[in-house]
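To start, the structure under review is shown below, and the notes come after it.
The values are calculated or read from the model by the stated rules, or taken from the named source; none is laboratory data. From a predicted model like this one, the values you see are computed outputs, not experimental measurements. Counting neighbours? That spans all protein chains shown, and the Cβs are built from the backbone with ideal geometry, glycine included. Areas reflect the complete protein model, heavy atoms only, side chains present, ligands, DNA and RNA absent. Shrake-Rupley method; radii C 1.70, N 1.55, O 1.52, S 1.80 Å.
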Amino acid sequence: MAEAKQQVDGLQRRVEELTGALEQVRGEHQQARFAERAARERARTADRRAREAGRKAATAAARLERLTSPSSDA
C-alpha cells in the first residue's frame, strides 16, 4: 500500500512538472506569435513607405522633366 502511494505521489509530481513545462511553452509560443505579428506589421509599414517614396520621386522627376524640357508654347 505504501509503495502504491509513493508511485501515485511520484506520478502526481511528474504531472505537475509537465503541466508547468506545457504552460511555459504555451507562453513562449504566444510571445513568438506576437513578435511575428509585429514583424509583419513593420514590414507592411516599410513597404507602404517605400511605395509612397517611389511615387513622390516619380512625381518630382516628372516635374523636373517638365521644367527642364524646351517649352512648345514659346
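Does any residue in region 29-54 that is among the charged types (D, E, K, R) come within less than 6 Å, Cβ to Cβ, of a residue that is part of a helix (DSSP H, G or I) and open to solvent by less than 60 Å² (accessible area, probe 1.4 Å) six or more places away or on a different chain, and which pairs are these?
Within 6 Å, no pair qualifies.
Can you give me the number of residues within region 1-24 that are surrounded by 10 or more Cβ atoms within 10 Å (Cβ to Cβ) and aliphatic (A, V, I, L, M)?
Matching residues across region 1-24 total 6.
For residues that are among the basic types (K, R) and loosely packed, with under 10 Cβ neighbours inside 10 Å, tally how many sit in region 56-71. Walk me through it before giving the result.
Here is the first cut: in region 56-71, the residues among the basic types (K, R) are 56, 63, 66.
With loosely packed, with under 10 Cβ neighbours inside 10 Å added as a condition, the list becomes 66.
Result for region 56-71: 1.
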